[in-house]
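Everything below concerns the one structure shown next.
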Amino acid sequence: QVQLVESGGGLVQAGDSLTLSCAASGFIFKNYVMAWFRQAPGKEREFVAAVTWTGATTRSGDSVRGRVTISRDNGKDTLYLQMNNLVLEDTAQYYCAAGDSFRASDTAYTYWGQGTQVTVSS
């Protein structure tokens, strides 16, 4: 069955860097656009970043632009999110998702992981 398993979350301090990973299985990874979303308590799910099928093109959300790098390894069926200069507002559950269009809307994504928690402290 389809599985997306995120890892790499944790408790970090403001200004730190963190890299999240998402291991995919059960579908043809290279045929899907991949993305990261996040959701903080009491807030709507927010687009973080997306990467096209080959990894050639990426896009990121306004609140993280310039601080995150999304990448993928189609040989390892793995998605990554490098986050730099973390701020308190980055605290959220982070989800990876697979879809068939390069969009920032969560409706474009079919498969979702269970998420990994990132907590940024001051």
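I'd like the full set of residues that are under 17 Å from residue 67 (Cβ atoms), open to solvent by less than 50 Å² (accessible area, probe 1.4 Å) and within 14 Å of the chain's Cα centre (by Cα), limited to region 9-38. Quick ask: steps written out before the conclusion?
Residues of region 9-38 under 17 Å from residue 67 (Cβ atoms): 9, 12-20, 35-38.
Now narrow it down to the ones that are open to solvent by less than 50 Å² (accessible area, probe 1.4 Å): 9, 12, 15, 18, 20, 35-38.
Answer for region 9-38, where residues must be under 17 Å from residue 67 (Cβ atoms), open to solvent by less than 50 Å² (accessible area, probe 1.4 Å) and within 14 Å of the chain's Cα centre (by Cα): 9, 18, 20, 35, 36, 37, 38.
If a residue must be out of contact with any strand residue (DSSP E or B) (no Cβ under 9 Å at 6 or more places or on another chain) and either open to solvent by 70 Å² or more (accessible area, probe 1.4 Å) or among the β-branched types (Val, Ile, Thr) (or both), how many such residues does region 69-78 contain? Steps first, answer last, please.
Keep residues of region 69-78 that are out of contact with any strand residue (DSSP E or B) (no Cβ under 9 Å at 6 or more places or on another chain), which gives 74-75.
Imposing the further condition that a residue be either open to solvent by 70 Å² or more (accessible area, probe 1.4 Å) or among the β-branched types (Val, Ile, Thr) (or both) reduces the set to 75.
Qualifying residue count for the region: 1.
Report yes if residue 1 is polar (S, T, N, Q) and either closer than 22 Å to residue 117 by Cβ or within 15 Å of the chain's Cα centre (by Cα) (or both), otherwise no. First the steps, then the outcome.
Values: polar (S, T, N, Q): yes; either closer than 22 Å to residue 117 by Cβ or within 15 Å of the chain's Cα centre (by Cα) (or both): no.
No, not satisfied.
Condition check: in contact with a helix residue (DSSP H, G or I) (Cβ under 8 Å, 6 or more places away or on another chain) and either open to solvent by 40 Å² or more (accessible area, probe 1.4 Å) or not in a loop (DSSP other than H, G, I, E, B) (or both). Does residue 63 satisfy that?
Numbers: in contact with a helix residue (DSSP H, G or I) (Cβ under 8 Å, 6 or more places away or on another chain): yes; either open to solvent by 40 Å² or more (accessible area, probe 1.4 Å) or not in a loop (DSSP other than H, G, I, E, B) (or both): yes.
Judged against the criteria, residue 63 is a match.
Within region 39-60, which residues are closer than 14 Å to residue 105 by Cβ and open to solvent by less than 70 Å² (accessible area, probe 1.4 Å)?
Narrowing region 39-60 to residues closer than 14 Å to residue 105 by Cβ: 44-50, 59.
Within region 39-60, 46, 47, 48, 49, 50 meet the criteria.
Could you please give the count of residues in region 79-103 that are within 20 Å of residue 4 (Cβ to Cβ) and open to solvent by 20 Å² or more (accessible area, probe 1.4 Å)?
Residues of region 79-103 within 20 Å of residue 4 (Cβ to Cβ): 79-83, 92-103.
Add one more test, that the residue is open to solvent by 20 Å² or more (accessible area, probe 1.4 Å), and what stays is 80, 82, 93, 95, 100-103.
Of the residues in region 79-103, 8 are within 20 Å of residue 4 (Cβ to Cβ) and open to solvent by 20 Å² or more (accessible area, probe 1.4 Å).
The values are calculated or read from the model by the stated rules, or taken from the named source; none is laboratory data. Just so it is clear, the structure is predicted and the values come from calculations on it, not from any experiment. Note: ideal-geometry Cβ built from the backbone for every residue, glycine included; neighbour counts use all protein chains shown. In case anyone asks, the SASA skips ligands and DNA or RNA and just uses the protein heavy atoms, side chains included. Shrake-Rupley method; radii C 1.70, N 1.55, O 1.52, S 1.80 Å.
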